[in-house]
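Remarks on the structure that follows.
The values are calculated or read from the model by the stated rules, or taken from the named source; none is laboratory data. These numbers come from a predicted model, not from an experiment. Virtual Cβ from ideal backbone geometry, glycine too; neighbours counted across all protein chains shown. Surface accessibility is based on the protein's heavy atoms, side chains included, excluding ligands, DNA and RNA. Shrake-Rupley method; radii C 1.70, N 1.55, O 1.52, S 1.80 Å.
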Amino acid sequence: MMKAAFFSKYPNIIDYVYKLGRREKIAEMFDLYEKVITPENIAEEMENIKDIDCLFTSWHMFVPEEKYLDQLTNLKVVFYGAGTVKYFAEPFLRRGIQVVTSAQANGEFVADYAASQIQLAAKGFFHNLRVDNYSARDFHGKFKYTGFFEINVGLIGAGMIGRMVIERMKLPSIHVCVYDPYLSEEKARELGVKKCSLEEIFSTCLVVSNHAPNIPETVKMLTPEHFASMLPHATFINTGRGATVDEEGMIRVLKERTDIVALLDVTFPEPPAEDSPLLHMPNIYHTSHIAGSQGNEVVFMADLCIEEAQRFLSGQPMKYSVTMEMLKTMA
């Protein structure tokens, strides 16, 4: 039987993700080492784990020092029960060790969250939450909203999550516009979307949803000019990365354009400073990075790791392995 171990800076993260019988399932599939390996105990535990074949982990994975990686001579694959592997994967990949991500599983919940917000935004839900937008005499509010019908929805980024949102927007009455420099015209037609510039996205779409990764090319690419060009009573949703937004510029525009609403699940830094206007403006709604897996949802990521481990054990190709090239454009 192949050997496996759990690695994490914080053992409670392993308990959180691999709960509801998932840890026990892995123990049935592998000779599973009983302790969670941490930066603090790896030296004393190395003799016991040096021949492991597989490593399971989640948020707060750590990169073992080179001297420890040198001793893991049997290690073949890292199963990551969470989203981005960008912060730790490279040293493993350089040694020919496969890294598997559960980003697909996590992305399903992000896409559901974004799609729900898009529909509510089109209905005017978030504008209507503001008490200054309606009164007892004018119960339906000052504005008549377009609704979730015959509108343009703009998506920034057509990566994994962006494409999941596209699938959820596949209605004859919803016209999806996408900005993604890596998306070809042919692929856009295949997805049933219109490829647009950022300027077109912001100036023609009632709802704009950001799914761009944080890479050097995207830092502060969403400028004050983009926000100033938004349609009346438009909504901006960010479940991507806060660093892609010029937040100071966005704040200046939203102070003037009080008809625009921003729904921010991510910011930069995260969380914002307590005195940040992002937390105190009436047309900005801030949530604490909850779009991804929460509560029992995290177990879906453990399930993906288990499915991939089953493929690995049976000699089948795994579906969610990451390559060095993929790291360049990952969130």
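Checked against (1) more than 16 Å from the chain's Cα centre (by Cα); (2) charged (D, E, K, R); (3) under 21 Å from T239 (Cα atoms); (4) crowded, with 16+ Cβ neighbours inside 10 Å, D265 passes all but condition (1). Does A212 satisfy being among the aliphatic types (A, V, I, L, M) and open to solvent by less than 20 Å² (accessible area, probe 1.4 Å)? Against the criterion (among the aliphatic types (A, V, I, L, M) and open to solvent by less than 20 Å² (accessible area, probe 1.4 Å)), A212 qualifies. Of the conditions (1) crowded, with 20+ Cβ neighbours inside 10 Å; (2) part of a strand (DSSP E or B), Y285 fails just one. Which one is it? The failed condition is (1). What number of residues in the range 155-208 are of a type in the set (D, E), part of a helix (DSSP H, G or I) and open to solvent by less than 80 Å² (accessible area, probe 1.4 Å)? Selection size over the range 155-208: 1. Of the helices (runs of 4 or more DSSP H) lying entirely inside the range 28-129, those containing at least 3 residues that are touching a strand residue (DSSP E or B) at 6+ places or on another chain (Cβ under 8 Å) and within 26 Å of A262 (Cβ to Cβ) are 103-122. Considered as a group, the residues in the range 294-312 that are aliphatic (A, V, I, L, M) and touching a strand residue (DSSP E or B) at 6+ places or on another chain (Cβ under 9 Å) include one that is surrounded by the fewest Cβ atoms within 10 Å (Cβ to Cβ), and that residue is I306. The single condition among (1) more than 19 Å from V100 (Cβ to Cβ); (2) open to solvent by 30 Å² or more (accessible area, probe 1.4 Å) that H60 does not meet is (1). Looking across the range 226-246, just one residue is touching a Gly at 6+ places or on another chain (Cβ under 8 Å) and more than 16 Å from Q117 (Cβ to Cβ), and that is F227. Taken residue by residue, the range 225-240 has at least one member that is within 16 Å of the chain's Cα centre (by Cα), in a loop (DSSP other than H, G, I, E, B), within 27 Å of T146 (Cβ to Cβ) and in contact (Cβ under 8 Å) with a residue 60 or more places away in the chain. Within the range 283-331, being over 15 Å from A105 (Cα atoms) and of a type in the set (D, E, K, R) holds for R311, E325, K328. Could you say which residue among G124, G83 is out of contact with any Asp or Glu (no Cβ under 6 Å at 6 or more places or on another chain), closer than 26 Å to G295 by Cβ, among the small types (G, A, S) and at pLDDT below 95? That would be G83, the only listed residue that is out of contact with any Asp or Glu (no Cβ under 6 Å at 6 or more places or on another chain), closer than 26 Å to G295 by Cβ, among the small types (G, A, S) and at pLDDT below 95. Every condition in (1) within 24 Å of L198 (Cβ to Cβ); (2) surrounded by fewer than 17 Cβ atoms within 10 Å (Cβ to Cβ); (3) more than 16 Å from the chain's Cα centre (by Cα) is met by M318 except one, and the failing one is (1). A Cβ distance below 9 Å, combined with a sequence gap of six or more or placement on separate chains, defines the contacts here; from the range 199-214, residues that are within 12 Å of H175 (Cβ to Cβ) reach residues that are outside any strand (DSSP E or B) and open to solvent by 20 Å² or more (accessible area, probe 1.4 Å) in the pairs T204/L231; C205/L231; L206/Y145; L206/T146; L206/L231; L206/H233; V207/Q117; V207/Q119.
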